[in-house]
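Written out below as structure tokens is the structure these notes cover.
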Amino acid sequence: VPARGAMGVKSLWDLLALCGRRCSVDALDRKRLAVDASIWLIQFIKAMRDSSTGEMMQNAPQLGLFRRLCKLLFLHVRPLLVFDGGTPAIKRKTVARRREFRQRQEGSVRRTAEKLLLNQMRGRHLLHGLVTNSSDPVRRGSAPAAPPGAASSAPLDRGGGGGGG
């Protein structure tokens, strides 16, 4: 039973409690069973993940749907897939808000990762000559950055020769 208030019709389970009853799969033998296909597809997208990368398995919705349909047919249940049509306006707004939030979070994570990488590269002196001490992340062609602890802003002689003191 889905969590109350999760998705769909509010208080649906309260309404169905008056006439609904649990039954075994055997009781559905040779009967039609209406299934909300959208919920199944979302379940497969969320649950069928590669164990090493966490990415969705290739063709997860199709594979999951096929397996569940095969199981129902094996049990002599005749599934009737229901696709509920277009998304209502209020849900479109919610989905758009979620998408914007997710994009902001992804941008924030990316900026944080860039800053961490830049700081690590600075600490290892890998950016000599590639960035300035400005707030811009990696800018090629800028004036060389002074390594931490350097007394002057002149670039270091990395050639190993010449007299400089």
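Worth pointing out:
- Verdict on PHE44 being touching a Gly at 6+ places or on another chain (Cβ under 6 Å) and not in a loop (DSSP other than H, G, I, E, B): yes
- Residues located in segment 80-110, provided they are touching a residue at least 24 places away in the same chain (Cβ under 8 Å) and farther than 21 Å from LYS46 by Cβ: LEU80
- Restricting attention to segment 74-98, the residues that are closer than 30 Å to ASP26 by Cβ and open to solvent by 70 Å² or more (accessible area, probe 1.4 Å) add up to 6.
- When segment 6-40 is filtered for residues that are part of a strand (DSSP E or B) and either over 23 Å from LEU75 (Cβ atoms) or without any contact (Cβ under 8 Å) to a residue 12 or more places away in the chain (or both), nothing remains.
- Each residue in segment 16-26 was checked for being surrounded by 10 or more Cβ atoms within 10 Å (Cβ to Cβ) and of a type in the set (Gly, Ala, Ser), and 2 of them qualify.
Yes/no matrix, rows are residues, columns are (1) in a helix (DSSP H, G or I); (2) touching a Lys or Arg at 6+ places or on another chain (Cβ under 7 Å); (3) of a type outside the set (Gly, Ala, Ser):
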site: LEU65; (1), (2), (3): yes, no, yes
site: LYS71; (1), (2), (3): yes, no, yes
site: LEU80; (1), (2), (3): no, yes, yes
site: THR87; (1), (2), (3): no, no, yes
site: LYS91; (1), (2), (3): yes, no, yes
site: GLN103; (1), (2), (3): yes, no, yes
site: GLY107; (1), (2), (3): yes, no, no
site: ALA113; (1), (2), (3): yes, no, no
site: MET121; (1), (2), (3): yes, no, yes
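The values are calculated or read from the model by the stated rules, or taken from the named source; none is laboratory data. Since this is a predicted model, take the numbers as computed values, not measurements. Neighbour counts are summed over all protein chains in view; Cβ atoms, including those assigned to glycine, are modelled from backbone coordinates with ideal geometry. Note: areas computed on protein heavy atoms with side chains; ligands, DNA, RNA excluded. Shrake-Rupley method; radii C 1.70, N 1.55, O 1.52, S 1.80 Å.
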